[in-house]
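Peer 1: So that we are looking at the same thing, I have put the structure below in C-alpha cells.
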Amino acid sequence: QCTEPQKLFNIANELLHTEEAYVKRLHLLDQVFCTKLSEAGISSEVITGIFSNISSIYCFHGQFLLPELKTRITQEWNVNPRLGDILQKLAPFLKMYGEYVKNFDRAMDMVNTCMQRSSPFKDVVQNIQKQEVCGNLTLQHHMLEPVQRIPRYELLLKDYLKKLPEESPDRKDAEKSLELISTAANHSNAAIRKMEKMHKLLEVYERLGGEEDIVNPANELIKEGHIQKLSAKNGTAQDRYLFLFNSMVLYCVPKLRLIGQKFSVREKMDIAGLQVQEIAKQNVAHTFSITGKKRSLELQARTEEEKREWIQVIQATIEKHKQNSETFRAFNSSFSQEEDHPDSSLASTSSVELMPGADGGGVFGGGDSCRKSSKSKRDKEKQACKSCSESFNSITKRRHHCKQCGAVICAKCSEFKPLADNSRHNRVCKECFLQLPASPCSPVAEAVGEQKKRLAAEKQSILAAENSLFSGYLQFLEKGKTWYKMWVTIPKTEPLVLYLQGSSQDGRSPRPIPLPGYEVSLPGSGEKFEVKHVFKLCQSQQTLYFSAEDEELQMKWMEILTKAAKGETEDTAEGLGNP
C-alpha cells in the first residue's frame, strides 16, 4: 500500500506524463497542421481564424512549463516535493486559453466550411489525418485538446490537495493555483459540451453520406434507432431508421454495406406542425404514427416499451419546440418595439460615429458628416458583441445597440444606463459610459459617477507606472500602415505579460500579450518605415511593430522583452526604472 508521500509523487508523475503527451498534440497542431496549410497557400487569416493563438500556448508549454515540471519531478522531488509553486506560474497564461476557448465555436465552423469548399485545405487535412501521429483522429478532435487541458489540471490539483498535509509548505500555492485554474475550467467545460454535440452531428453527417447539411450549432441530436415501416399497400414491415433532432425528424433507409452502417434520407419532417400518436392495428403490435405537413408514416417498434419511449421523446421534442418558438416570438416582438421606439432621442436621429483622434484613440465627432442612420448601422453590424466578442442568439444572448455610438453589444456589456436629456434610462456600451456626462439632476448620477470611478481605477491600477516593471508610450503597428500611440506596460504582478492601451479617452480594457515564445528583433532589411527606432515581436503568423522615441529606449525595451520572452522574471525585475 502506497504511503502518502508516494501518492503525491504518483500524482506529480501523472501530471508530467500527461503534459508530455499534451505538448506532442500542440506540436501537431502548430508545427504540422498550421505549417502544412500555410505551405499549401491557405491564407494566414484562415489559419489564424481556425488555430487562434495555438502558437503561444505551444511555446509556453513546450519551452517553459514542461521543462520545469520535468526538472522538478525527475531531479528535485526528493529535496523539494512541490507542484503548487510551478502551477501558479500558469495563472498569467490562462488569458491565452480564454482567447482560444472564446474562438473555438467559430474555429469549428471555419474547419467545416473549408473542408466542404476548399479542395487544397481538405487534401492537406486528410493527408495529415492518415498519418500515424494523428492516431486515426480528426483535426477537430485534436483542436479540442487545449480546451480539455485546463479541466484536467483542475482534477489533478484537487486530487493532489486531498493528499497534501495541512501543514505542507506547498498548500498555499496549490490552493491558489486551484482557485485560478477552476475559473478558467468553467469556460472550457462549456466549450467541451458544445464540441461533444458537434461530434455527434459530424458522425451522423458521415453516416448519411454527406447528403444532409445538419452540422450546425443550433442542431441537437436527441434520439436515433432502428424502426419498422408498415407498407400502406400490403402491410408488410420494412427496415427503416429514424434520427430525431430538436428541429426535424430524418426518416432513412439503410444502405447495404460490408463495413459501417450508412443511410439514405427518404423523408425530412419538420418538428413544427408534427404530430405523433399511438395506433391500434389488427394483428400488428407496438405501432404508432408520425404525421407531418407533407406525409404520414405508420411505424412499428420492436417492443411496447420501445414504442412508448419513441412517442414520449417525440412528443417532448414537439412541446419544447413550441415553447422555444413562442419565447422567440415574444423576444422578437419586444426587440422590434425597442428598434421602432428607441429610448433615447440620441438614437432617434442618428448614431454618432467614433472619429479617430490624432493620438490613435477615439473622440466623438460632431456635425452631419459623422452621422449615419440607425438602419444603416444595423445593416453592417456583426453577429458578435463588440466588447466580449461572444456570438448572439435570440434566447440567452440578445443583441442590443448602444444608444450613443450605435455599437452592437450584449446585455452583460451594456449594464450601465445613465439618464439622458429625455429623463429615461438609455442602454450604452462601457466605452460611451466612461465618456458620457451623467445628468446632474438624475437620481442615479451619484451612483453612475461612482461606477465610472471604479472602472477607471481598475483600468489604471494595472496600467499605472508605479505598478509596472517598465512602462511608457510607444508607437504601435499591427496591420496596415497606420501607427497608433499606445501606453505599453509590463505589470509587477504579471512580469511575463505585456499590456497595450490606447489613449486615455479610450475606455476599452488593456490588451494583454503573453510574451513567452515571442522573438524580439529589429526590422529586416526589406522592411522600411517612416518612423525611427522600430523593433518587432514575432511569433508564427503574427508580427507586432513598435517605435520608441530614441535609440536608448528602443534598446531598453528590446532587452526587457527578450528576457520576458525567455521566461526570465527575476532578472527582469532587477534595476528597472520607468522612462
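The values are calculated or read from the model by the stated rules, or taken from the named source; none is laboratory data. All values reported here derive from a predicted model rather than from experimental measurement. Cβ sites come from the backbone with ideal geometry, for glycine too, and all protein chains shown count toward neighbours. These area figures cover heavy atoms from the full protein model, side chains too; ligands, DNA and RNA do not enter into them. Shrake-Rupley method; radii C 1.70, N 1.55, O 1.52, S 1.80 Å.
Peer 1: If I filter the stretch 129-138 for residues that are part of a helix (DSSP H, G or I), assigned by the TED database to the domain that holds F9 and under 19 Å from H199 (Cα atoms), do I get at least one hit? Before you say what the answer is, go through the steps one by one.
Peer 2: Within the stretch 129-138, the first condition is being part of a helix (DSSP H, G or I), and the residues that meet it are 129, 132-134.
Okay, now just the ones that are also assigned by the TED database to the domain that holds F9, so 129, 132-134.
Going one step further and asking which of them are under 19 Å from H199 (Cα atoms), we end up with 129, 134.
Yes: one or more hits.
Peer 1: Can you go through E4, E39 and tell me which one is of a type in the set (D, E, K, R) and within 27 Å of K162 (Cα to Cα)? Give the derivation first.
Peer 2: Numbers: E39 fails: within 27 Å of K162 (Cα to Cα).
Within the list E4, E39, the selection yields E4.
Peer 1: With R25, R106 as the choices, which residue is of a type outside the set (A, V, I, L, M) and surrounded by fewer than 21 Cβ atoms within 10 Å (Cβ to Cβ)? Walk me through how you get there before you give the answer.
Peer 2: On the way: R25 fails: surrounded by fewer than 21 Cβ atoms within 10 Å (Cβ to Cβ).
Step by step, each of R25, R106 is checked, and only R106 is of a type outside the set (A, V, I, L, M) and surrounded by fewer than 21 Cβ atoms within 10 Å (Cβ to Cβ).
Peer 1: Consider A21 carefully, then state whether it is in a helix (DSSP H, G or I), more than 18 Å from M110 (Cα to Cα) and either touching a residue at least 24 places away in the same chain (Cβ under 8 Å) or touching a His at 6+ places or on another chain (Cβ under 6 Å) (or both). Steps first, answer last, please.
Peer 2: On the way: in a helix (DSSP H, G or I): yes; more than 18 Å from M110 (Cα to Cα): yes; either touching a residue at least 24 places away in the same chain (Cβ under 8 Å) or touching a His at 6+ places or on another chain (Cβ under 6 Å) (or both): no.
So A21 fails the test.
Peer 1: Out of the residues in the stretch 216-240 that are surrounded by 13 or more Cβ atoms within 10 Å (Cβ to Cβ) and among the polar types (S, T, N, Q), state the one that is modelled with the highest pLDDT.
Peer 2: The initial filter retains those residues of the stretch 216-240 that are surrounded by 13 or more Cβ atoms within 10 Å (Cβ to Cβ), namely 216-217, 219-230, 237, 240.
Cutting the leftovers down to among the polar types (S, T, N, Q) gives us 216, 219, 228.
Working: N216: 74, N219: 83, Q228: 90.
Checking each candidate, the answer is Q228.
Peer 1: Out of K262, K293, I need the residue that is open to solvent by less than 60 Å² (accessible area, probe 1.4 Å), more than 19 Å from E309 (Cβ to Cβ) and among the basic types (K, R). Which one?
Peer 2: Numbers: K293 fails: open to solvent by less than 60 Å² (accessible area, probe 1.4 Å).
From the options K262, K293, the qualifying one is K262.
Peer 1: Do we have any residue at all in the stretch 67-82 that's farther than 25 Å from T493 by Cβ, touching a strand residue (DSSP E or B) at 6+ places or on another chain (Cβ under 9 Å) and in contact (Cβ under 8 Å) with a residue 12 or more places away in the chain?
Peer 2: No - not one qualifying residue is present in the stretch 67-82.
Peer 1: Another one. Right, D85: part of a helix (DSSP H, G or I), acidic (D, E), within 29 Å of P514 (Cα to Cα) and touching a residue at least 24 places away in the same chain (Cβ under 8 Å) or not?
Peer 2: Values: part of a helix (DSSP H, G or I): yes; acidic (D, E): yes; within 29 Å of P514 (Cα to Cα): yes; touching a residue at least 24 places away in the same chain (Cβ under 8 Å): yes.
Spelling it out, D85 is indeed part of a helix (DSSP H, G or I), acidic (D, E), within 29 Å of P514 (Cα to Cα) and touching a residue at least 24 places away in the same chain (Cβ under 8 Å).
Peer 1: So which of D105, D109, D85 is more than 29 Å from E14 (Cβ to Cβ), modelled with pLDDT under 90, of a type in the set (D, E) and out of contact with any strand residue (DSSP E or B) (no Cβ under 9 Å at 6 or more places or on another chain)? Reasoning before the result, please.
Peer 2: On the way: D105 fails: out of contact with any strand residue (DSSP E or B) (no Cβ under 9 Å at 6 or more places or on another chain); D85 fails: more than 29 Å from E14 (Cβ to Cβ).
Within the list D105, D109, D85, the selection yields D109.
Peer 1: I'm trying to understand the selection: among the residues of the stretch 141-168, which are more than 20 Å from L15 (Cα to Cα) and either free of Cβ contacts under 8 Å to residues at least 40 places away in the same chain or open to solvent by 20 Å² or more (accessible area, probe 1.4 Å) (or both)?
Peer 2: Taking the stretch 141-168 first, the residues more than 20 Å from L15 (Cα to Cα) are 141, 143, 166-167.
Once the filter is applied, which keeps residues that are more than 20 Å from L15 (Cα to Cα) and either free of Cβ contacts under 8 Å to residues at least 40 places away in the same chain or open to solvent by 20 Å² or more (accessible area, probe 1.4 Å) (or both), the stretch 141-168 yields H141, E166, E167.
Peer 1: Another question, if that's okay. Taking the stretch 446-472 as the region of interest, how many residues are closer than 18 Å to P514 by Cβ and at pLDDT 85 or above?
Peer 2: So the count comes out to 2.
Peer 1: When you go through F33, F9 one by one, which is the residue that is assigned by the TED database to the domain that holds D123, modelled with pLDDT of 90 or more, aromatic (F, W, Y) and open to solvent by 30 Å² or more (accessible area, probe 1.4 Å)? Please lay out each step first, then the result.
Peer 2: Details: F33 fails: open to solvent by 30 Å² or more (accessible area, probe 1.4 Å).
Exactly one residue qualifies, and that residue is F9.
Peer 1: Give the residue that is surrounded by the fewest Cβ atoms within 10 Å (Cβ to Cβ), with candidates limited to residues of the stretch 40-77 that are in a helix (DSSP H, G or I), of a type in the set (S, T, Y) and under 28 Å from the mean Cα position of the chain (by Cα). Outline the logic, then answer.
Peer 2: Step one: list which residues in the stretch 40-77 are in a helix (DSSP H, G or I), which gives 44-51, 54-76.
Okay, now just the ones that are also of a type in the set (S, T, Y), so 44, 48, 55-56, 58, 71, 74.
Restricting the remaining residues to those that are under 28 Å from the mean Cα position of the chain (by Cα) gives 44, 48, 55-56, 58.
On the way: S44: 13, T48: 18, S55: 22, S56: 25, Y58: 25.
So the residue we want is S44.
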